[in-house]
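Please treat every number below as a calculation from the coordinates, not as lab data. Model, not experiment: these values are computed from the prediction. Note: ideal-geometry Cβ built from the backbone for every residue, glycine included; neighbour counts use all protein chains shown.
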Amino acid sequence: MRSATLFVIAVGALLGAGIAESQNRTDAALTGVVKSAEEGQMEGVLVSAKPAGGTITVTVVSDKEGRYAFPANSLKPGKYNIAIRAIGYDAPSSGLTAAVGDKTTALDIQLSKTVDLASQLSSAEWLMSVPGTEEQKDALYTCIECHTAAPIVKSTYDASGWMATLVRMRNYSPQSTLTSPILLPYRNGARAKDAEFAQYLSSINLSSRSKWDFAFKTLPRPSGADTKVIITEYDLPRADRQPHDVVVDAKGMVWYEDFALPLVGRMDPSNGQVKEWDLPELKPGYPEGSLDLELDRDGNPWIARVFQAGITKFDKTTEKATSWTIPAEYNTAHTRTAFLAVAPQGFVWINDSTGRRMNKLDPATGKIESYPTFTGWTRPEIDYGVGQKGPKPLGHLVYGIGVDTKGTGIFADRAGSNIGTIDAETGKVELYPTPSVNSGPRRMHVDSQGHVWFAENYAFKLALFDTKTKQFQEWADPTPWDAPYDLVCDKDGYLWTGGMTTDLITRFNPKTGQFFKYLLPNLGVNVRRVDVDDSQTHPVFWVGENHLAKIAKIQPLE
């Protein structure tokens with residue numbers, strides 16, 4: 001939702017990992033009760049504190065009594081802006097002030113019912129609200145999982161206007177934003193079902209009406225255990241940053257690459273300070289952003305350069321970049337090296353998603369061996385137990401790769417709904433169909449036991465593939481249209497993912513089946529890659545806010 005900004009004197013920056021140990025109200029730096037005329041004391045309201053002129057925001061959530069509390073070790077005296085997030089409500093437009101010093105400061109907040117609910121809806125809530133068939137909503141989902149639904153439903157294009165817009169959008173790279181479109185180096189035209197889709201889009205926007213004639217459906221506010229969390233957000237240097245992958249190294253430093261810009265950055269969580277380095281151009285005239293960032297055993301970032309048709313290693317000690325490109329015979333206008341995996345043996349797997357090849361790089365010699373990934377493969381027929389036998393052929397598209405301790409490459413076949421393996425010595429490929437048809441496996445983490453944790457982006461499930469037994473497990477995400485992108489397992493056995501369309505961070509206990517849903521403070525975050533820091537007493541979750549130029553840390557309080 002749209003955050004309302006209030007002004008508060010005093011509060012401070014988040015310091016130390018001990019913040020998650022307690023939320024004792026008698027030891028709070030700032031506390032109060034959130035109320036409204038309609039509900040009285042309100043549970044599940046996000047209250048955020050950001051120092052004036054600062055770059056770090058701390059957020060807590062009100063409990064069932066409407067009380068929020070910033071633990072004393074989370075805040076320092078100073079001047080702060082306060083924002084709230086509560087679907088259906090706005091904070092006072094006049095703003096509030098408070099003085100927080102060495103003792104607890106009380107600040108109650110009175111909310112009012114919003115008059116503009118549409119501006120608070122997440123993309124998932126728009127999908128829940130708009131009319132349409134399953135096929136129509138699936139098509140809309142493919143447009144807004146990476147972007148946002150608001151410009152579509154608020155537009156005034158009629159069907160003919162949408163026909164032109166669909167072709168125009170198809171010729172921008174995925175890294176594009178409304179304020180910074182990036183043209184592809186080749187041209188795409190209209191598709192067979194464009195007219196049908198254009199008619200549907202014009203039926204749900206404002207092309208023939210002054211307001212929507214369907215009811216808005218919203219997700220519930222956090223409640224119970226979902227309110228027991230502290231979220232810290234770190235601003236990046238400029239608003240045009242798109243931190244796609246965020247990874248924490250062994251020293252607790254946070255590394256990121258940019259989806260649209262040729263850079264790699266490092267953020268120090270102790271003070272929020274950021275340093276960035278430019279990456280070299282590999283393919284002039286092609287989009288310059290990156291998609292995948294992985295750390296080698298020395299903690300050096302390796303970055304997949306996508307349209308630049310290569311990868312770059314950044315040496316964090318010398319601050320020098322070294323790059324390799326795909327062999328010339330496979331380097332076409334459509335080549336996309338979107339993902340990589342650094343093997344314990346020192347070589348690097350690189351995929352070419354468009355050319356359907358896996359490439360094995362020896363960094364010492366620069367030699368690259370290329371293997372076709374899907375030659376001769378079709379998805380076998382499987383009885384899915386619902387009176388239907390697969391497959392539903394969608395072709396093949398690698399979207400995420402990993403590597404096990406033996407150097408075996410592992411990849412997610414997003415379009416074909418397979419998990420694949422490729423032998424490091426022979427290049428032999430094996431495909432293992434996911435239990436769910438059209439699951440859309442997307443990104444992955446491979447642990448030391450050979451467990452492949454991955455998100456099923458189309459089926460809205462969390463999944464495990466055991467490379468030893470070749471068996472799958474799946475768990476359905478209970479949130480409608482949550483769109484999990486990546487999945488990681490922490491040292492305590494909890495699974496973590498983020499919803500691309502909901503602004504929700506999911507923590508799941510596969511032993512008990514309990515889901516925790518932590519709402520992020522801002523609308524339209526667009527979560528992508530996820531990571532967990534297991535070096536502390538309690539695991540800490542990290543993610544980039546891809547559309548908001550922020551990095552977020554999530555710390556459960558229980």
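Summary table below
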item	result
Filtered residue count, region 491-509, keeping only those that are outside any strand (DSSP E or B), in contact (Cβ under 8 Å) with a residue 40 or more places away in the chain and surrounded by fewer than 24 Cβ atoms within 10 Å (Cβ to Cβ)	3
Selection count, region 290-309, where residues are crowded, with 23+ Cβ neighbours inside 10 Å and either of a type in the set (A, V, I, L, M) or more than 20 Å from the chain's Cα centre (by Cα) (or both)	8
Residue among 260, 250, 225, 239 that alone is assigned to a loop (DSSP other than H, G, I, E, B) and over 22 Å from residue 147 (Cβ atoms)	250
Residue count, region 157-191 (criterion: surrounded by 13 or more Cβ atoms within 10 Å (Cβ to Cβ), in a loop (DSSP other than H, G, I, E, B) and among the small types (Gly, Ala, Ser))	3
Odd one out for residue 303, checked against (1) farther than 30 Å from residue 44 by Cβ; (2) outside any strand (DSSP E or B)	(2)
Strands (runs of 3 or more DSSP E) wholly inside region 406-472 containing at least 3 residues that are crowded, with 20+ Cβ neighbours inside 10 Å and under 21 Å from the mean Cα position of the chain (by Cα)	409-413, 441-446, 451-456, 461-466
